[in-house]
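Quick notes on the structure that follows.
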Amino acid sequence: MSLNLTRESDLADQLGWSEAKTAEKRRREKWPHINFGRFDKRYTDAQIEQIIAMHAVTPGKPKTGPAIVIEGQTERSKRRSA
């Protein structure tokens, strides 16, 4: 059984991002990863698939949440809230 571990710098190259942007997204969006030390983060193939799925946009579904409708709003203000 072989386990492929990808370094964060290699993942940044695959995604076309800088290493700093990749590290920031890992921290902010709580990406799954394996710690090999303070500065050595690695990812399994399954974790990389999970990260990509987290950022994939499904066609036909808006990424925004539902519109907030407040009683007494005019049609114009409802459109602006949507």
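The numbers here are math on the coordinates, done by the rules we state, and not lab data. In this text the structure is predicted, and so the values were computed from the model without any measurement. Cβ coordinates were reconstructed from backbone atoms using ideal geometry, including for glycine residues, and neighbour counts include every protein chain displayed.
Between LEU3 and ALA46, the simple label model (points 7 Å from Cα in the Cβ direction) yields a spacing of 1.0 nm. Per-residue Karplus couplings for the stretch 28-40, computed as 6.51 cos²θ - 1.76 cosθ + 1.60 with θ equal to phi - 60°, are listed in order as 5, 9, 6, 5, x, 7, 10, 8, 10, x, 4, 10, 10 Hz, Gly and Pro entered as x.
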